[in-house]
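The values are calculated or read from the model by the stated rules, or taken from the named source; none is laboratory data. Treat the numbers as computed from the prediction; the structure is a model and nothing was measured. Cβ: placed from backbone, ideal geometry, glycine included. Neighbour counts: every protein chain shown.
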Amino acid sequence: MRIAAVTTLAIVEVLTGPLQAGEETLSRRYRGILESWQVLDLTADIAAGAARLRASLRLKLSDAVQAASALSISADALVIHDRDFPVCARSA
C-alpha cells in the first residue's frame, strides 16, 4: 500500500506563495490537502540525515531535509517542483 507524505518544510514552501499573494482561502485549501497526507516532522534523526546529505552532496538545507525525510520512510519516490534540485541527489 502506498501512502502520500509531506514534510513540514514542504508545507511552509507550498503555503508561502498563496499567503504572499493574499490568497487566504487558497492557502487554507492547500493546507487541508497537505494535512490529509502523513505529515513528517523534522526529527533529530532526519536532521542528522540531512546534514550528511548536505555534507556529501552539497545540497541546500531545504533539499537535504526533503531528501532525508523521504529516505526516513523508505519512500518509493520524492516529488519535487524545484528546478534547482541537484541531479546528483535525484539518484542518491
Residues of the stretch 29-40 being within 21 Å of V65 (Cβ to Cβ), surrounded by fewer than 13 Cβ atoms within 10 Å (Cβ to Cβ) and of a type in the set (K, R), in sequence order, are none
Restricted to the stretch 44-75 and to residues being in a loop (DSSP other than H, G, I, E, B) and closer than 15 Å to V6 by Cβ, the residue modelled with the highest pLDDT is I73
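Rundown of residues vs (1) loosely packed, with under 11 Cβ neighbours inside 10 Å; (2) on the phi < 0 side of the Ramachandran plot; (3) in contact with a helix residue (DSSP H, G or I) (Cβ under 7 Å, 6 or more places away or on another chain); (4) not small (G, A, S), yes/no style:
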residue	(1), (2), (3), (4)
T7	no, yes, yes, yes
L15	no, yes, yes, yes
A21	yes, yes, no, no
S27	no, yes, yes, no
L42	no, yes, yes, yes
L53	no, yes, yes, yes
S56	no, yes, no, no
A67	no, yes, yes, no
Counting only residues that are touching a strand residue (DSSP E or B) at 6+ places or on another chain (Cβ under 7 Å) and not in a helix (DSSP H, G or I), which one in the stretch 5-35 is farthest from A77 (Cα to Cα)?
T7
